Amino acid sequence: MTSAGCSLAASFAGVCRVSSSMMLSAPAAGVLVLLAWIHPSHALYFHIGETEKKCFIEEIPDETMVIGKYRTQLWDKQTSSFLPATPGLGMHVEIKDPETKIILSRQYGSDGRFTFTSHTPGEHQICLHSNSTKMALFAGGKLRVHLDIQVGEHTNNYPEIAAKDKLTELQLRVRQLLDQVEQIQKEQNYQRYREERFRTTSESTNQRVLWWSIAQTLILLITGIWQMKHLKSFFEAKKLV
């Protein structure tokens with residue numbers, strides 16, 4: 001997921017530095033890699049014009065909850081700064097699954113929260129655009145949109161869960177670990193799905209290359225035979241042979 005508003009390479013990669021004196025076993029290192037790879041909650045901001053539409057791509061496993069929160073700020077020429085947008089300004093959110101099927105299309109206010117659950121693994125497209133063209137007051141204005149997307153177990157409000165279910169600190173930590181394990185399993189299943197799809201594409205490409213090579217060889221052979229017959233007929237017509 002990328003945007004011109006900020007750089008998120010470090011946060012998306014989930015990179016963390018470990019001292020060279022710390023030695024990890026292979027299973028522990030594998031678990032850390034999986035935990036680092038899981039979709040974290042990440043935030044960004046971007047600028048958008050009155051007729052502009054911003055779209056983001058998020059790779060999401062199947063049956064995974066996603067929560068998005070945003071707030072808008074309107075550029076004020078008098079103060080030369082971004083100020084909180086008025087409630088009359090709205091944002092339209094549209095989300096498409098990997099098969100380009102619309103799973104959410106709704107109009108929200110200047111600050112909003114949208115939620116959806118993925119049913120198909122793959123790249124989901126999240127698009128936002130404002131309704132400023134309908135409001136003369138904001139015509140020609142520039143908006144700054146702060147967007148925060150949470151995926152998987154990051155969507156859970158654990159303090160609220162602990163208060164509701166009356167969980168102890170240990171029970172809550174076990175609940176968090178179970179949710180993380182479930183999310184890791186979903187991520188592994190998604191990687192297997194991607195691997196199978198890539199293998200199918202590779203095999204199909206190899207078969208096409210093979211048949212194209214065979215077709216080229218046959219065309220060359222047919223062309224050579226035709227040229228030989230044509231030259232033979234030419235020489236016989238000229239009584240050279």
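Structural remarks
- Highest to lowest packing among 161-174, 101-114, 55-68, scored as the average C-beta count within 10 Å: 55-68, 101-114, 161-174
- Electrostatic bookkeeping for Ile67 treats Lys and Arg as +1 and Asp and Glu as -1; over the other residues with beta carbon under 13 Å from its beta carbon, the sum is -1.
- Residues whose placed amide H lies under 5 Å from that of Lys142, excluding near-sequence neighbours: Trp75
- Between Glu63 and Ser118, His119, Thr120, the built amide H atoms are under 5 Å apart, and every one of these is 5 or more places off in sequence or on another chain.
- Straight-distance crosslink candidates among lysines, where the alpha carbon sits under 23 Å from Lys238 and sequence neighbours closer than 8 are dropped: Lys229
- Per-residue HN-Hα couplings for the stretch 199-210 [Karplus 6.51, -1.76, 1.60; θ = phi - 60°; Hz; x = Gly/Pro]: 5, 4, 5, 5, 5, 5, 5, 4, 5, 5, 5, 4
- Label-to-label distance for Leu172 and Ser202 is 4.6 nm, based on points extended 7 Å past Cα in the beta-carbon direction.
- Long-range HN-HN contacts of His124 with modeled amide H, under 5 Å: Glu58, Glu59, Ile60
- Computed from phi, the 3J(HN,Hα) profile of the stretch 211-223 under the Karplus parametrisation 6.51, -1.76, 1.60 (θ = phi - 60°) reads 5, 5, 5, 4, 4, 4, 4, 4, 4, 5, 5, 4, 5 Hz, with x in place of Gly and Pro.
- For the stretch 112-241, the solvent-accessible area works out to 73 Å² per residue, with a probe of 1.4 Å and every protein chain left in place.
- Report note on the peptides 188-196, 210-218: ranked by the mean count of other C-beta atoms within 10 Å, highest first, their order is 188-196, 210-218.
- Three-way shape label, the stretch 51-173, alpha-carbon gyration tensor, a/c 1.5: oblate
- Pairs beyond 19 Å (Cα-Cα), from Lys53/Lys96; Lys54/Lys96; Lys69/Lys166: Lys69/Lys166
- The distance between label points at Ser81 and Thr117 comes to 4.4 nm (points 7 Å beyond Cα on the Cα→Cβ vector).
The values are calculated or read from the model by the stated rules, or taken from the named source; none is laboratory data. All values reported here derive from a predicted model rather than from experimental measurement. All Cβ positions, glycine included, derive from the backbone under ideal geometry; neighbour counts span all protein chains shown. Accessible surface areas use protein heavy atoms only, side chains included; no ligands, DNA or RNA. Shrake-Rupley method; radii C 1.70, N 1.55, O 1.52, S 1.80 Å.
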